[in-house]
Amino acid sequence: MSWRRWVFVGISFAATLGVTLWVLRRGDAAEVPRDLSLPAWAHLAAFAAVLLEITTRAVKIQWAALALHIPLRFATALRVCLGGDFAASITPARSGAEPARFVILVNGGTGPAPALLVLFAELLLETWSLVFVCVVFFFAFEDRGAVVNIMNTMIVSYALLVLALGAIGYGLAHSHARGPVPGWAAAVGLHAGRWRAVQLALRSLRTNLSAFRTARQGPMFAAFVASLVHVGLKLALLPILAITMDPSLSLAPLALWGMVFLYGGAIAPAPGGGGAVEFGFQFAFRDLMSPAVLASTLVWWRFYSFYLYIMLGGLSVGTTVLRALRSRQHGRLHERTARRT
């Protein structure tokens, strides 16, 4: 990453901390918390939920690879999770997550084509897990119409986008994997060199999609169950922390808004959300929590759902991730230089 990108990351994180401080200072002076501490058991429960979430996500990736007849060690799958989390946290709209995961998989001994197949399978499992959770929430919390509608719209739109992209890719892989540049591709600036790269990717996609026909159902189902568990653990963090501060709080808004913030906040263009998640948190819970409970819950929820993942990812595979992002940036620079010449 260039120094300009690091400046952008710094500004975004500063904005995030600034909004957090603004939330902490809202309310009457008597209600503003001076002590943000939680009971030791709450910290242990939250930390255990984070570790179990990372572990089940690694199991999901490993079992998905096993279902597709791709050998993958658990240690490599774990590094893929942590590296993706770290890269997602320091790049706009989490755009660095997949390149980092791809590099870690390839460095771990997985070929480029199988690595893409594993990442594609992981994305599909995540999508269907979110759809399943949305259906459960829709029937369990049907009285929370506004929040349920926001959540369902967000997740269904995401699922439709993934499926649409998959359908488009499948169609192109069977009709344009070979041959000259079609007219529509030339019209959008895909010259012969770029179109050859697209065709290579389409041929790889066609090969990868055919692998799903021979996927083992048992390991794939186990990977889906692991995906459901890891999504559930991510969503459990907010209720654990909030109900510790105020046992009278209802579970429904905590679970529903937690899902909106975790997965909707991923589309924020600024790394870390640039304060959007904190502002949304204050907007959603200002009428449900006292200022003291809201501030303490926000601080610790963001720590366990965001900052802790940065620290764990940075300590384990931070150097590899930064090298992957730097190589991607250099590749784009070389491409621009070649176009100019």
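The values are calculated or read from the model by the stated rules, or taken from the named source; none is laboratory data. Owing to the predicted nature of the structure, the values given are computational and were not obtained by experimental measurement. A quick note on method: Cβ atoms are made from the backbone with ideal geometry, for glycine too, and the neighbour counts reach across all protein chains shown.
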* Inspect region 145-152 for any residue being more than 16 Å from Val321 (Cα to Cα), crowded, with 21+ Cβ neighbours inside 10 Å and at pLDDT 85 or above and give the result as yes or no. => no
* Given (1) buried (at least 16 other Cβ atoms within 10 Å of the Cβ); (2) modelled with pLDDT of 90 or more; (3) part of a helix (DSSP H, G or I), number of the condition Ala87 does not satisfy -> (2)
* Asked: Could you say whether any residue in region 275-282 is among the small types (Gly, Ala, Ser) and farther than 19 Å from Leu256 by Cα?
  -> yes
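Quick check on region 1-38: of everything there that is among the charged types (D, E, K, R) and outside any loop (DSSP other than H, G, I, E, B), which residue is modelled with the lowest pLDDT?
Restricting to residues being among the charged types (D, E, K, R) and outside any loop (DSSP other than H, G, I, E, B), the top hit is Arg5.
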* Scan region 292-323 for residues that are touching a residue at least 40 places away in the same chain (Cβ under 8 Å) and farther than 16 Å from Leu238 by Cα and report the count. => 11
* Of the residues Trp41, Trp63, which single one is assigned to a helix (DSSP H, G or I) and at pLDDT 95 or above? -> Trp63
* Asked: So which residues in region 68-81 are surrounded by fewer than 23 Cβ atoms within 10 Å (Cβ to Cβ) and closer than 19 Å to Trp128 by Cβ, if there are any at all?
  -> Leu68
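Step by step: first the residues of region 232-289, then only those that are among the aliphatic types (A, V, I, L, M) and more than 22 Å from the chain's Cα centre (by Cα), then the one that is surrounded by the fewest Cβ atoms within 10 Å (Cβ to Cβ). Which residue is that?
Per the criteria, the residue is Leu251.
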* To do: State which residue pairs qualify: first residue of a type in the set (Val, Ile, Thr) and inside region 38-53, second residue assigned to a helix (DSSP H, G or I) and surrounded by 16 or more Cβ atoms within 10 Å (Cβ to Cβ) in any location, beta carbons under 9 Å apart, and separation of 6 or more residues or different chains.
  => Val50/Leu233; Val50/Lys234; Val50/Leu237; Val50/Tyr304; Val50/Ser305; Val50/Leu308; Val50/Tyr309; Val50/Leu312
* Considering every residue within region 49-57, establish whether at least one is over 24 Å from Leu256 (Cα atoms), part of a helix (DSSP H, G or I) and polar (S, T, N, Q). => no
* Counting residues that are out of contact with any Gly (no Cβ under 7 Å at 6 or more places or on another chain) and among the aromatic types (Phe, Trp, Tyr), which helices (runs of 4 or more DSSP H) fully inside region 230-317 reach at least 3? -> 276-285
* **Output for region 122-144, where each listed residue is surrounded by 14 or more Cβ atoms within 10 Å (Cβ to Cβ) and either at pLDDT below 65 or part of a loop (DSSP other than H, G, I, E, B) (or both)** => Phe141, Arg144
* Asked: Of the conditions (1) under 18 Å from Thr55 (Cα atoms); (2) modelled with pLDDT of 85 or more, Val103 fails just one. Which one is it?
  -> (1)
